[in-house]
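Novice: Below you will find the structure I want to go over with you.
The values are calculated or read from the model by the stated rules, or taken from the named source; none is laboratory data. Nothing here was measured: the structure is a model prediction, and the numbers come from that model. Positions of Cβ are backbone-derived with ideal geometry, glycine not excepted, and every protein chain shown enters the neighbour counts.
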Amino acid sequence: MANLKEIRNRITSIKSTMQITSAMKMVSAAKLKKAQDAITAMRPYSSKLTELLQNLSATLDSDAGGAYSTQREVSKVLLVAITSNRGLCGGFNSSITKKVIKIIEEKYTNTSVDIFAIGKKGGDVLAKQFSVVERRNDIFDDLTFDNVAAIAEELMELYVDSSYDKIEIVYNQFKNAATQLPQVEQFLPIKPIEGGDAEAVNSDYVFEPTKEEIVEALIPKSLKTQLYKSIRDSFASEHGARMTAMHKATDNATELRDELLLTYNKARQAAITNEILEIVGGAEALKN
């Protein structure tokens, strides 16, 4: 019967785990809907703003973008790693930390690299191997454009004062609840447009004021929007990954519970059979 007691305890424990994972799945599903709507609505705006800025820059002199377009010899790089503050979301956080490590080992072997960690989980892991110069774990407590813009301004200042020659963002792009794609985007300097017809800009738009003034005003806004989109993408990906992970955990717990129930019933049946045999054997002994 001691064995039966142990199985009962395991079944009770698994049922409690199922309740927790099921509740977390429902919470993440509710948060995912809001986060998904936000990033879906923002992507067209962000893409069009970036496209407009790149097209305008292509028609101007190479130094038209000012300090944010200055190409320098890359000797010091800052990687902005966007993860989450909490775990239980499958491989969401580990995919970013692995991506960052791979970038450093393959792309910046002989270059000084620092980490700007947005999210506690990524910062904790990367700090064991690399220099994490700053952590911003509070951004997810109140994820607004103004709060993200303050971080973007800090990054822009680090580039302008030549603290870093290149800044890249590493984050998870939301595709659907089950799929998150690790992405690497160049934040600064502004990446020039690849190919395209620069003359098309002159015929598609009427500029007021001048193109130079528009580019100068658009660049900070575009950079802030780029960072905000990346964090929003990561935020939606986190809830999608957590919902999927908790769904799988609930399914696994259900399967394990069913197996233990079957084992328990078999053991209980065997124990009852043994008791009956002992009673019958005792009765036969008394007859003899």
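Novice: Filter the stretch 239-255 down to the residues that are touching a helix residue (DSSP H, G or I) at 6+ places or on another chain (Cβ under 6 Å) and either under 26 Å from residue 50 (Cα atoms) or not hydrophobic (A, V, I, L, M, F, W, C) (or both) and list them by number.
Specialist: Hits for the stretch 239-255 are 239, 240, 242, 247, 250.
Novice: Between a first residue in the stretch 24-52 that is within 22 Å of residue 223 (Cα to Cα) and a second residue that is of a type in the set (Phe, Trp, Tyr) and surrounded by 12 or more Cβ atoms within 10 Å (Cβ to Cβ), which pairs have beta carbons less than 6 Å apart while being 6 or more apart in sequence or on different chains?
Specialist: 35/235; 39/174
Novice: Quickly run through the stretch 237-288 and pick out the residues that are of a type in the set (D, E, K, R) and within 30 Å of residue 40 (Cα to Cα).
Specialist: Across the stretch 237-288, the qualifying residues are 238, 242, 248, 251.
Novice: Would you say residue 39 is of a type in the set (A, V, I, L, M), crowded, with 16+ Cβ neighbours inside 10 Å and in contact with a Lys or Arg (Cβ under 8 Å, 6 or more places away or on another chain)? Steps first, please.
Specialist: Details: of a type in the set (A, V, I, L, M): yes; crowded, with 16+ Cβ neighbours inside 10 Å: yes; in contact with a Lys or Arg (Cβ under 8 Å, 6 or more places away or on another chain): yes.
When the stated conditions are applied, residue 39 passes them.
Novice: In addition: Among the listed residues 272, 231, 276, which satisfies the condition of being in contact with a strand residue (DSSP E or B) (Cβ under 7 Å, 6 or more places away or on another chain), of a type in the set (A, V, I, L, M, F, W, C) and in a helix (DSSP H, G or I)?
Specialist: On the way: 272 fails: in contact with a strand residue (DSSP E or B) (Cβ under 7 Å, 6 or more places away or on another chain); 276 fails: in contact with a strand residue (DSSP E or B) (Cβ under 7 Å, 6 or more places away or on another chain).
The conditions single out 231.
Novice: If we scan the stretch 2-18, do we find a residue that is outside any helix (DSSP H, G or I) and over 30 Å from residue 214 (Cα atoms)?
Specialist: Checked against the condition, which is being outside any helix (DSSP H, G or I) and over 30 Å from residue 214 (Cα atoms), the stretch 2-18 yields no hits at all.
Novice: Which residue is modelled with the lowest pLDDT, if the candidates are limited to the stretch 186-212 and must be touching a helix residue (DSSP H, G or I) at 6+ places or on another chain (Cβ under 7 Å) and within 18 Å of residue 228 (Cβ to Cβ)?
Specialist: Among them, the one singled out is 190.
Novice: Separate question: So, in the stretch 141-173, of the ones that are surrounded by fewer than 17 Cβ atoms within 10 Å (Cβ to Cβ) and more than 21 Å from the chain's Cα centre (by Cα), which residue ends up nearest to residue 223 (Cα to Cα)?
Specialist: Top of the filtered list is 153.
Novice: Output yes when any residue across the stretch 110-127 is aliphatic (A, V, I, L, M), under 14 Å from residue 169 (Cα atoms), part of a helix (DSSP H, G or I) and at pLDDT 95 or above, and no when none is.
Specialist: No, there is no match, as no residue in the stretch 110-127 is aliphatic (A, V, I, L, M), under 14 Å from residue 169 (Cα atoms), part of a helix (DSSP H, G or I) and at pLDDT 95 or above.
Novice: Do we have residue 12 as hydroxyl-bearing (Ser, Thr, Tyr), over 27 Å from residue 223 (Cα atoms), at pLDDT below 95 and surrounded by fewer than 16 Cβ atoms within 10 Å (Cβ to Cβ) here?
Specialist: Yes; evaluated as a whole, the condition is true for this residue.
Novice: Separate question: Within the stretch 103-131, which residues are over 18 Å from the mean Cα position of the chain (by Cα) and not polar (S, T, N, Q)?
Specialist: 104, 105, 106, 107, 108, 113, 114, 128, 130
Novice: Now for a separate question. Any idea which of (1) at pLDDT 90 or above; (2) farther than 25 Å from residue 92 by Cα; (3) of a type outside the set (Ser, Thr, Tyr) is the one residue 37 doesn't satisfy?
Specialist: All conditions are met except number (2).
Novice: Counting only residues that are farther than 14 Å from residue 153 by Cα and in contact with a helix residue (DSSP H, G or I) (Cβ under 6 Å, 6 or more places away or on another chain), how many does the stretch 213-230 have?
Specialist: Matching residues across the stretch 213-230 total 2.
Novice: For the stretch 119-137, how many residues are acidic (Asp, Glu) and under 12 Å from residue 83 (Cα atoms)?
Specialist: Adding up the residues that qualify gives 1.
Novice: Mind counting the residues in the stretch 136-179 that are hydrophobic (A, V, I, L, M, F, W, C) and more than 19 Å from residue 115 (Cα to Cα)?
Specialist: Count: 5.
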